[in-house]
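Notes follow once the structure below has been shown.
The values are calculated or read from the model by the stated rules, or taken from the named source; none is laboratory data. It should be emphasised that the depicted structure is a prediction, and the values quoted were computed from it without experimental measurement. No Cβ is skipped: glycine too gets one built from the backbone with ideal geometry, and neighbour counts run over all protein chains shown.
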Amino acid sequence: MSSTRRQFLVMTAGAALTAAACSAPDSGGGTGSTSGPVPDKPSAPQTVNVLDVAGNLQLTQGMIDEFVSGHPDVISKVTYTKATAPELVGKVKAQQAANRVDIDLVLTGVDGLAAGIGQGLWIDLLPAYANRVPGMGNYLPGAQAMQKLAGNSGITVTYYPSGPLIEYLPKSVAAPPASAEALLEWAKQNSGGFQYARPSNSGPGRTFLMGLPYLLGDSDPRDPANGWAKTWAYLKELDQHVALYPSTTSETMKNLANGSAKIIASTTGWDINPRVLGTVPKEAKIGTLRGFRWITDAHYAVVPKGVSTDKQAAVLLLIASMLTPQQQAKAYDKGYFYPGPAIKDVTLAMAPEDSRKAIEEFGRPEYEALIAQNPLEVPLDATSLVAAFDRWDREVGGNKVKK
């Protein structure tokens, strides 16, 4: 969905309140001290206002609701608000400047996490309260690597290896390319047939961009300014055979389904979930390119400075619950961020029935081996990623982005 497919899906939605327990942010129970020790348990039940800028509630709202239902002595009410990642810093800074912080918990990708760290917006939950979230000790290796990106501010709550993958319909592509070089040759022979969305607004687009330096053997895959000579040359040559760059990943999926695109950039979640929803035909296939490495992705829980210590206590208890195997199993969802769990030993058999049915029908047996047998790489840091996006817009495809 900086971050993943989910971050960029939510870009298409305006700030909105979800249904049910989604009334306007409420300061109930949050007028206490914002400094000093955080108690093990709040002195009174708290209202917790959650802001999602990553599409993460698709995976975690069930976890949160179940905790609230079972712990009315900790959280009396929860509200949910959705916004885009670029809106996050402005929202939080405005509340902090007014000395009225109504956002108690932010669910974000790498982009919002890093932007907030750069502005000094988040409380350092770690290492001070690591012992209150024992599930962090059970992170999968990839999730542990993503946790390092969070510094002391964020706690990883969901994780997936992402991509880059290519996706196609067998009736349209009988012999899919098996290397980056072969993909370029295929694009030359099938002008307009390959498509990926603008990287700054697409998880698969961004993952394709960050994965290419590994596929092409660039000098420094983590330095888009000085180490991506082969990647930038490749993208410029490929651009000559790309008709347009959709502004969202969803558009590439629709184009794959209607035949205007023959091969698209994809990820595990974007492969499975649109087929579950019927956006893409069930018979679509995925492929990897020679030298493939996973570019991982994660979502984080962060707490803005200015949140009362009672609310901090409630949020820490909530996060601890979210990182238990029983709750992590909900992250399988319907392939939305596949697999989704951030901790070890959470199997599909533990997931809710609708998740199991969806993934058993639309998942891919080959993913288990692909995830186990191919290297994992964390995404670029925020500064490098923004620089890569800007350069792509200027030098590669900015003038072909479909508005």
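Taking the condition assigned to a helix (DSSP H, G or I), modelled with pLDDT of 95 or more and buried (at least 18 other Cβ atoms within 10 Å of the Cβ), does residue 187 pass? Against the criterion (assigned to a helix (DSSP H, G or I), modelled with pLDDT of 95 or more and buried (at least 18 other Cβ atoms within 10 Å of the Cβ)), residue 187 qualifies. I'd like the full set of residues that are farther than 15 Å from residue 163 by Cβ, outside any loop (DSSP other than H, G, I, E, B) and more than 21 Å from the chain's Cα centre (by Cα), limited to region 257-294. Residues satisfying the conditions are 257, 258. Filtering 106, 92, 68 for residues that are among the aliphatic types (A, V, I, L, M) and assigned to a strand (DSSP E or B) leaves a single hit, 106. Scanning region 207-238 for residues that are closer than 17 Å to residue 386 by Cβ, in contact with a Lys or Arg (Cβ under 9 Å, 6 or more places away or on another chain) and surrounded by fewer than 16 Cβ atoms within 10 Å (Cβ to Cβ) turns up just one, 225. If you check 170, 177, 204 for being in the same structural domain as residue 249 (by TED's automatic domain parsing) and either surrounded by 24 or more Cβ atoms within 10 Å (Cβ to Cβ) or aliphatic (A, V, I, L, M) (or both), only one passes: 204. Look at region 381-397: where a residue is at negative phi and a partner is hydroxyl-bearing (Ser, Thr, Tyr) and assigned to a helix (DSSP H, G or I), sitting 6+ places away or on another chain with Cβ atoms under 6 Å, you get 389/200. Selection over region 190-227 of residues that are among the aromatic types (Phe, Trp, Tyr) and at pLDDT below 95 gives a count of 0. Scanning region 145-167 for residues that are part of a helix (DSSP H, G or I) and either within 24 Å of residue 215 (Cα to Cα) or assigned by TED's automatic domain parsing to the domain that holds residue 209 (or both) returns 145, 146, 149. With respect to the stated conditions, residue 139 is within 22 Å of residue 340 (Cβ to Cβ), surrounded by 14 or more Cβ atoms within 10 Å (Cβ to Cβ) and either at pLDDT 95 or above or over 16 Å from the mean Cα position of the chain (by Cα) (or both). Return yes when residue 297 is over 22 Å from residue 146 (Cα atoms), of a type in the set (Asp, Glu) and not in a loop (DSSP other than H, G, I, E, B) and no when it is not. In short, no. Taken as a whole, the structure places residue 303 among residues that are crowded, with 24+ Cβ neighbours inside 10 Å, assigned by TED's automatic domain parsing to the domain that holds residue 52, touching a helix residue (DSSP H, G or I) at 6+ places or on another chain (Cβ under 9 Å) and under 26 Å from residue 379 (Cβ atoms).
Pairs are defined by a Cβ separation below 8 Å, a sequence spacing of at least 6 or placement on different chains, a first member in region 151-173 that is under 18 Å from residue 61 (Cβ atoms), and a second member that is charged (D, E, K, R) and crowded, with 24+ Cβ neighbours inside 10 Å; the pairs so defined are 159/297; 160/297. Evaluating residue 265 against the criteria (1) within 27 Å of residue 149 (Cβ to Cβ); (2) hydrophobic (A, V, I, L, M, F, W, C); (3) out of contact with any helix residue (DSSP H, G or I) (no Cβ under 8 Å at 6 or more places or on another chain) leaves one unmet condition, (3). Over 18 Å from the mean Cα position of the chain (by Cα), within 30 Å of residue 328 (Cα to Cα), assigned to a loop (DSSP other than H, G, I, E, B) and at pLDDT 95 or above, is that true of residue 127? For residue 127, the condition - over 18 Å from the mean Cα position of the chain (by Cα), within 30 Å of residue 328 (Cα to Cα), assigned to a loop (DSSP other than H, G, I, E, B) and at pLDDT 95 or above - is met.
The set of residues in region 368-386 being at pLDDT 90 or above and surrounded by 14 or more Cβ atoms within 10 Å (Cβ to Cβ) consists of 370, 371, 374, 376, 377, 378, 379, 380, 384. Out of curiosity, is residue 310 farther than 18 Å from residue 112 by Cα and among the acidic types (Asp, Glu)? Spelling it out, residue 310 is indeed farther than 18 Å from residue 112 by Cα and among the acidic types (Asp, Glu).
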